[in-house]
Protein chains: 2
Amino acid sequence: MTDDLPHPLRSDALDNRQRVLAAARGLFAAEGVTVPMREIARHAGVGPATLYRRFPTKQALIAAAFAEEVRMCHAIVDEGLAEPDPWRGFRLVIEKICVLHARNRGFTEAFASAFPGAREFTSARERALAAVAELAERAKRAGHLRPDFVLDDLVLVLMANRGIRATTAAGQVAASRRFAALVLQALQAAPHHAPLPPAARLAPGAPGEPAGRGAVTGDARPRPWPSPRH
Amino acid sequence: MTDDLPHPLRSDALDNRQRVLAAARGLFAAEGVTVPMREIARHAGVGPATLYRRFPTKQALIAAAFAEEVRMCHAIVDEGLAEPDPWRGFRLVIEKICVLHARNRGFTEAFASAFPGAREFTSARERALAAVAELAERAKRAGHLRPDFVLDDLVLVLMANRGIRATTAAGQVAASRRFAALVLQALQAAPHHAPLPPAARLAPGAPGEPAGRGAVTGDARPRPWPSPRH
DNA sequence: ACGCTAACGGACGGCACCGTCCACTTAGCT
DNA sequence: AGCTAAGTGGACGGTGCCGTCCGTTAGCGT
């Protein structure tokens with residue numbers, strides 16, 4: 001979070017930087033990453049130029065704002081892997097990740113859509129996926145996870161989870177929790193499953209953002225990718 | 001679809017109207033309702049004024065464009081209610097509605113978020129919900145649906161379904177189908193359920209659109225509601 | 001105490017979209 | 001064939017956001 005910078009910042013600069021980060025965290029969590037840069041600046045009590053100097057691109061700001069969440073994500077998968085019972089570990093990871101996403105709308109969006117420059121998120125996601133793959137393998141062998149589970153199902157679940165929206169923050173978490181419980185119920189091995197329809201090629205990190213337009217940059221069409229000009 | 005209008009349109013006007021509708025259908029389905037009005041006009045080979053004359057507000061265009069889907073929705077719930085086996089009817093409705101939404105991104109958005117002026121959608125949704133409530137009651141009594149299912153769970157599932165995104169149209173349908181199968185697996189009555197976490201107050205038709213900004217009008221913040229000026 | 005310079009915020013030009021107005025075109029009736 | 005009103009598309013003004021420039025402010029080292 002407070003990674004040391006090339007040259008130490010002046011005290012006011014550092015203060016502003018932290019205010020910007022706090023504002024960004026709050027707004028991203030509540031409204032998603034589509035919140036205008038201006039508003040973050042306004043909310044932090046600084047001018048736009050200040051914000052752009054500290055974080056030359058919105059991606060940089062997003063990455064910095066969600067460093068905490070990325071760490072949580074890593075902690076969760078580590079915790080799951082450490083669990084001796086693989087099915088318990090699997091359940092733990094699914095539920096905790098769902099709740100983590102439910103708590104932070106912006107993080108969900110950033111985590112779901114990977115684009116150049118947000119290595120943090122793609123790597124976090126890859127790591128989470130790898131961990132779940134490992135857990136799934138073990139849980140299948142232990143006979144607790146249904147054998148036709150594929151890793152894409154996790155992506156499916158995470159994408160589905162991001163579609164859930166409640167009126168209040170607490171409600172959001174509660175909804176995700178219930179959803180995760182349902183999913184786990186479905187994924188648990190049972191004596192007789194109805195066979196699942198085949199898995200599909202999903203859009204794990206494609207530019208397919210929640211709503212198409214105005215994903216991060218507030219831009220129009222899903223352009224190739226608008227790398228920051230300079 | 002081709003509802004008779006107050007005064008019969010001139011032939012060219014009617015032709016244009018239908019071209020606009022076709023373009024809107026295609027673009028809404030593929031890209032969602034956030035597609036700019038201009039682009040629909042361009043795609044239909046008409047000017048913006050023509051489009052705005054036929055459909056003074058974007059809501060009107062959306063409502064007209066999705067009349068077909070609304071009818072399908074009604075047909076689905078009727079079919080489900082007509083089914084003698086309530087669990088079979090329940091499954092049928094869940095799966096078909098998921099697939100219907102998967103086929104049409106714009107409809108999903110319009111259906112999910114109810115706002116003044118889109119009576120068609122809210123009424124369609126209310127009707128679908130009522131039908132599923134009825135089916136659920138019957139299926140519970142028959143012992144096939146888990147007794148702790150609540151109607152909000154359907155909303156939960158539909159919201160979750162809308163979060164799913166695949167790279168291709170076919171993939172989208174396949175993903176939704178698999179998702180629906182998983183959900184139905186979870187909802188099926190079983191000898192021993194883990195108890196579900198409590199249901200939460202969701203945002204059934206709140207302005208909580210898919211991505212917050214630029215939902216329909218391409219507008220900025222979730223304003224109260226930007227009723228079309230005139 | 002003082003100056004140097006990093007840091008600040010207001011202002012600017014650009015872009016995309018929206019919804020409306022207006023001078024021309026053209027379908028349909030006599 | 002000619003008239004007339006419905007219809008059309010291009011142009012316009014407005015809004016919101018973006019990212020950058022520049023004159024001013026105020027930390028910090030001496």
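The values are calculated or read from the model by the stated rules, or taken from the named source; none is laboratory data. Quick caveat, the model's predicted, so the values are computed rather than measured. As a convention, Cβ positions derive from the backbone with ideal geometry for all residues, glycine included, and neighbour counts pool all protein chains shown.
Key figures
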{"read-out": "Residue identified as surrounded by fewer than 18 Cβ atoms within 10 Å (Cβ to Cβ) and over 23 Å from B:LEU184 (Cα atoms) among B:ARG127, B:ARG103, B:ARG38, B:ARG88", "value": "B:ARG38"}
{"read-out": "Selected residue (only one of A:ARG103, A:ARG119, A:ARG91, A:ARG138 is assigned by TED's automatic domain parsing to the domain that holds A:ILE164 and at pLDDT below 90)", "value": "A:ARG119"}
{"read-out": "Residue within region A:3-25 that is outside the structural domain of A:ARG103 (by TED's automatic domain parsing), in a helix (DSSP H, G or I), under 25 Å from A:GLN172 (Cβ atoms) and under 14 Å from the mean Cα position of the chain (by Cα) present", "value": "yes"}
{"read-out": "Residue match in region A:57-73 (condition: among the hydroxyl-bearing types (Ser, Thr, Tyr), touching a residue at least 12 places away in the same chain (Cβ under 8 Å) and assigned to a helix (DSSP H, G or I))", "value": "no"}
{"read-out": "Filter pass, A:VAL46 being crowded, with 17+ Cβ neighbours inside 10 Å, outside any helix (DSSP H, G or I) and either within 17 Å of the chain's Cα centre (by Cα) or not assigned by TED's automatic domain parsing to the domain that holds A:LEU182 (or both)", "value": "yes"}
{"read-out": "Meets criteria (away from DNA strand C (no atom under 13 Å from the Cβ), crowded, with 20+ Cβ neighbours inside 10 Å and either within 14 Å of chain A (Cβ to nearest Cβ) or modelled with pLDDT under 90 (or both)) for B:PHE111", "value": "yes"}
{"read-out": "Residue in region B:78-92 that is within 19 Å of B:ALA180 (Cβ to Cβ), outside any helix (DSSP H, G or I) and without any contact (Cβ under 8 Å) to a residue 60 or more places away in the chain present", "value": "yes"}
